[in-house]
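Worksheet: the structure to be examined is printed underneath.
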Amino acid sequence: MELGDKVKDVITGFEGIVTARASYLTGCDQLCVQPQGLDKDQKPIESRWYDENRLVVTQASAVQLATVPFAPQLRAGGGPQDEAPRK
């Protein structure tokens, strides 16, 4: 399973898009599943973490991942803008 795949939990039926992956030293791999849509208060439904072996892909590459070009000019102190003059 890849980031951006639409998946379904085979136990609960919970569906959504894979947005993150965690690999643990114990060998357990989990995926964060973000459902589409809003709850009754018109807020995004909270994502949930599932063991990878509980999920099945229902649509590969349902969401295309954005690519961010490497910007060597970025510094630890902030974005690509010049530093503000010091007085």
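For Asp51 and Ser23, the difference between the fully extended length at 0.36 nm per residue and the C-alpha to C-alpha distance is 9.1 nm. The modelled label-to-label distance for the pair Cys32/Met1, using points 7 Å beyond Cα in the direction of Cβ, is 1.4 nm.
Where a number appears in this text, it was derived from the coordinates with a stated rule and is not lab data. Note that this is a predicted model, so its numbers are computed, not measured. We place every Cβ from the backbone using ideal geometry, glycine too, and count neighbours over all the protein chains shown.
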